[in-house]
Structure formats: structure tokens, C-alpha cells
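S.K.: Handing you this structure, nothing more for now.
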Amino acid sequence: PTEIVCYGMGSPTDSQTSQWQVSLVLEMRDALAPIRVSAFDPVATDTDCKVLDSLGISTISENEQARRAAHKGTVFYMPHCEQFLYENLVAANWTRERLERVVVVGNRFARYREAQGEEEFAKRSPFLDRMLRGGIEAVELPSEKHLRLKHPPYAFTDTCIQYVGCDKLDMIDFSQ
């Protein structure tokens, strides 16, 4: 990937959970360097934007509602975002060429389907549903319990790395 786009990290000046999430972004950036990182959260204050900027994370000026198309390899870091944002992201990238460029670090999509039932999930999130039916790779992050902290942050509960492997792309129906 050449870019990390962050949605929904919250306010790092107001939330310890957000601080943990920013820390993971910085670790990913360092591991994938050189890579550009940008972020948006509707609750971010001017102070939050200055803090992010000081860390080398540029702020996205408008609320894209996660409708950004991946024109190059992109990691979308979306910790604990609402389901509709994941749906918007997948819909904005609903071509074979774009979807193969997308990696999502966020809530496990299959959990939404399990919680809502297949029929309701398909109504609410038709693109996520079609992607899950075609096959998606999901790699869970290690449990926060292993951090050996007195009070684990629970900033990454149910967070995993998700993408469609090249071998699965042919199994997805990309028709509108």
C-alpha cells in the first residue's frame, strides 16, 4: 500500500481509546514506510488536527462518509466505525480493480451479518454482503488481554485486517 486513510479514530486529546488507535496507525505507518497517512473524524477538534499534524498525519477537510475510491493500494483504518461507513467504502470501490487495492482494518464485517441475520444484513449492506459471499480474508489482531496492562484499553475489540484475496476476486459478482 501507498496510503493509510483513517476514519473514526475519535479525539486523541479527549480519549485514551483514540490515543491507542492513533498509536497503532503510527506503528503501521512506520512498518509500511514510506506511506502517506490522512485522517477524518467528525468529532475531531482543531487541537486534535494540530496533534495529528505534528505526528505526520494530515487531516481530511471534509466528511467523505468513507466514500473514497482506492486508486492505489490503500489501508483504510476504521476502528469501530458504523456499519454504513464500511458499506459506503465497499460501494465506492465496487470494481475488481479497486477492491483488490483495499485493505480494511476495522470491525469484522461477518459479525454484523451474524448479529442481524443474513436477510437483514443483505438489505442494510448489499455490497458488504456480496463481498462476504464471494470470500474475504479476515485476520484478527491479538487480544488486548495480552498487553499485560492493569487496565487494557479495549480500543481494538473485534478489530481485524480484512481484504479480498486475488483468488477470491473472481468469485464476486461485480454487476450493479
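The values are calculated or read from the model by the stated rules, or taken from the named source; none is laboratory data. Model, not experiment: these values are computed from the prediction. Neighbour counts are summed over all protein chains in view; Cβ atoms, including those assigned to glycine, are modelled from backbone coordinates with ideal geometry. All accessible areas refer to the heavy atoms of the entire protein, side chains included, with ligands and DNA or RNA removed. Shrake-Rupley method; radii C 1.70, N 1.55, O 1.52, S 1.80 Å.
S.K.: If I filter the range 118-128 down to residues being in a helix (DSSP H, G or I) and open to solvent by less than 10 Å² (accessible area, probe 1.4 Å), which single residue comes out as farthest from M171 (Cα to Cα)?
M.R.: That would be F121.
S.K.: Can you tell me how many residues within the range 129-166 are modelled with pLDDT of 80 or more and either of a type in the set (G, A, S) or in a strand (DSSP E or B) (or both)?
M.R.: 12
S.K.: Give just the number: which of (1) in a helix (DSSP H, G or I); (2) touching a strand residue (DSSP E or B) at 6+ places or on another chain (Cβ under 6 Å) does V90 not satisfy?
M.R.: Condition not satisfied by V90: (2).
S.K.: Same structure, new question: Could you tell me which of the residues T95, T47, T74 is exposed (fewer than 14 other Cβ atoms within 10 Å of the Cβ), under 24 Å from C166 (Cβ atoms) and of a type in the set (S, T, N, Q)?
M.R.: Checking each option against the conditions leaves just T95.
S.K.: Also, I was wondering about something else. Which of the residues spanning the range 56-103 are free of Cβ contacts under 8 Å to residues at least 60 places away in the same chain and at positive phi?
M.R.: Result: G56, Q65, A66.
S.K.: For the range 14-26, give me the residue count where each residue is under 12 Å from L55 (Cβ atoms) and either of a type in the set (F, W, Y) or open to solvent by 70 Å² or more (accessible area, probe 1.4 Å) (or both).
M.R.: 1
S.K.: Could you check how many residues of the range 104-117 are open to solvent by 50 Å² or more (accessible area, probe 1.4 Å) and either closer than 17 Å to M78 by Cα or in contact (Cβ under 8 Å) with a residue 12 or more places away in the chain (or both)?
M.R.: So the answer is 2.
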